[in-house]
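Each remark here refers to the structure printed beneath this line.
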Amino acid sequence: MAKIFIAGHRGMVGSAILRRLAARGCDELVTRTSDQLDLCDQGAVREFMQNERPDAVVLAAAKVGGIYANNVYPADFIHDNLMIQTNVIGQAHAAGVQRLLFLGSSCIYPCEAELPISEEALLTGRLAATNEPYAVAKIAGIKTCESFNRQYGRDYRSVMPTNLYGPRDNFHPENSHVMPALIRRFHEARECGASSVTVWGSGRPRREFLHVDDMADASIFLLGLDRHFYESKTKPMMSHINVGSGSEISIGDLARLIAEITGFQGCIEFDTSMPDGTFSKLMNSRRLHELGWQPKVRLEDGIRATYCWYLEKIKSRTSAPRG
């Protein structure tokens with residue numbers, strides 16, 4: 001059985017991958033909390049890799065956040081992510097790790113990329129200004145994997161997920177992405193008896209969403225593919241591949257669906273003075289689907305499960321003893 005190190009195992013994606021691998025009977029799963037291993041510390045990462053010598057690495061650790069956080073902390077986003085990626089990928093190579101999976105983001109693609117966005121769109125235009133530092137760091141991660149593949153014959157692949165949601169998502173009122181932000185806003189509006197909820201923008205832009213369990217399954221699927229088969233179906237030395245659901249929903253329809261799931265019965269208002277952002281960011285996941293993988297979680301089912309997890313989180317927090 002392969003020994004797999006999951007960096008970022010307490011995050012939304014990392015924890016889902018950990019659960020999926022454990023359910024498949026993988027008993028050599030190596031994890032470390034940030035207190036136990038600072039991934040920004042090159043020396044600490046080197047010592048860890050040399051001692052553990054994993055057979056494969058899943059790099060799901062990253063500094064993440066929504067538009068607000070990216071605008072307020074751009075230096076943190078580019079610095080921390082570059083440090084994490086460089087240390088983990090570089091020291092995995094130094095320890096002789098042949099297989100590695102790096103988790104990126106769809107924000108690596110240009111604003112004006114042709115829809116649906118294919119892997120070839122990388123570096124063909126300007127990035128969104130709102131999260132450019134984070135996107136640049138993720139592009140550097142992809143190119144780092146590609147470079148180790150070219151120079152040393154490693155098998156380091158990168159997965160570019162669309163907008164993810166699910167258990168362990170970030171529901172912070174300022175730093176969260178659109179899905180958890182709307183779930184929290186509609187839940188709190190219902191709880192306090194608010195008559196309306198305001199959503200930024202016109203509600204017309206469309207977004208693609210993928211449940212984190214589907215993302216975990218896709219990651220494990222890609223990590224386990226034979227290298228020659230993978231490259232014959234994609235492109236030799238291509239280290240990144242899109243992971244998406246293949247369908248979109250408008251922000252307005254998403255808001256109405258979340259309102260129904262959370263039980264909010266008031267009015268939904270759209271603040272058209274706020275920017276809409278890119279109208280569509282649908283990704284082309286044809287390569288992944290041709291390899292034999294398809295998503296399974298329906299959007300409505302996934303949102304209901306995510307809301308149930310959020311309610312349990314609130315319940316456990318409020319019932320915890322105070323000391």
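The values are calculated or read from the model by the stated rules, or taken from the named source; none is laboratory data. Just so it is clear, the model here is predicted, and its values are computed rather than measured. Note that we place each Cβ from the backbone using ideal geometry, even for glycine, and neighbour counts take in every protein chain shown.
For this structure, a couple of remarks:
- Filter result (crowded, with 20+ Cβ neighbours inside 10 Å and free of Cβ contacts under 8 Å to residues at least 24 places away in the same chain) within region 143-165: none
- The residue that is nearest to Ser34 (Cα to Cα), among those in region 45-74 that are of a type in the set (Phe, Trp, Tyr) and surrounded by fewer than 21 Cβ atoms within 10 Å (Cβ to Cβ), is Tyr73.
- Output for region 256-274, where each listed residue is in contact with a helix residue (DSSP H, G or I) (Cβ under 6 Å, 6 or more places away or on another chain) and either surrounded by 14 or more Cβ atoms within 10 Å (Cβ to Cβ) or among the hydroxyl-bearing types (Ser, Thr, Tyr) (or both): Ile258, Ala259, Ile261, Thr262, Phe264, Ile268
- Scope region 99-140; condition in contact with a Leu (Cβ under 8 Å, 6 or more places away or on another chain), outside any loop (DSSP other than H, G, I, E, B) and not hydrophobic (A, V, I, L, M, F, W, C); matching residues: Arg99
- Restricting Ile241, Ile249, Ile303, Ile258 to those that are closer than 25 Å to Ala216 by Cα and touching a Ser or Thr at 6+ places or on another chain (Cβ under 7 Å) reduces the list to Ile241.
One line per residue, one yes/no per condition, for (1) touching a His at 6+ places or on another chain (Cβ under 6 Å); (2) under 20 Å from Pro180 (Cα atoms):
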{"site": "Ala62", "(1), (2)": "no, yes"}
{"site": "Gly66", "(1), (2)": "yes, yes"}
{"site": "Ala69", "(1), (2)": "no, yes"}
{"site": "Ala75", "(1), (2)": "no, no"}
{"site": "Ile78", "(1), (2)": "no, no"}
{"site": "Asn81", "(1), (2)": "no, no"}
{"site": "Val97", "(1), (2)": "no, no"}
{"site": "Gly104", "(1), (2)": "no, yes"}
{"site": "Cys107", "(1), (2)": "no, yes"}
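- Hits in region 1-31 - residues which are without any contact (Cβ under 8 Å) to a residue 40 or more places away in the chain and surrounded by fewer than 20 Cβ atoms within 10 Å (Cβ to Cβ): Met1, Ala22, Ala23, Gly25, Cys26, Asp27, Glu28, Leu29, Val30, Thr31
- Counting only helices (runs of 4 or more DSSP H) that fall entirely inside region 172-260 and contain at least 2 residues that are out of contact with any Leu (no Cβ under 8 Å at 6 or more places or on another chain), touching a residue at least 12 places away in the same chain (Cβ under 8 Å) and basic (Lys, Arg), the qualifying elements are 178-192.
- Filter result (in contact with a strand residue (DSSP E or B) (Cβ under 6 Å, 6 or more places away or on another chain), among the hydroxyl-bearing types (Ser, Thr, Tyr) and closer than 30 Å to Leu100 by Cα) within region 238-276: Ser239, Ser245
Yes or no, residue by residue, for (1) surrounded by 18 or more Cβ atoms within 10 Å (Cβ to Cβ); (2) without any contact (Cβ under 8 Å) to a residue 60 or more places away in the chain; (3) not in a helix (DSSP H, G or I):
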{"site": "Asp276", "(1), (2), (3)": "no, no, yes"}
{"site": "Phe279", "(1), (2), (3)": "no, no, yes"}
{"site": "Leu288", "(1), (2), (3)": "yes, no, no"}
{"site": "Lys296", "(1), (2), (3)": "no, no, yes"}
{"site": "Gly302", "(1), (2), (3)": "yes, no, no"}
{"site": "Cys308", "(1), (2), (3)": "no, yes, no"}
{"site": "Lys315", "(1), (2), (3)": "no, yes, no"}
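- Residues within region 110-142 that are surrounded by fewer than 16 Cβ atoms within 10 Å (Cβ to Cβ) and charged (D, E, K, R), tallied: 4
- Some residue of region 166-180 being in contact with a helix residue (DSSP H, G or I) (Cβ under 6 Å, 6 or more places away or on another chain), farther than 21 Å from Gly302 by Cβ, polar (S, T, N, Q) and surrounded by fewer than 22 Cβ atoms within 10 Å (Cβ to Cβ): yes
- Of the helices (runs of 4 or more DSSP H) lying entirely inside region 1-91, those containing at least 2 residues that are modelled with pLDDT under 95 and polar (S, T, N, Q) are 67-72.
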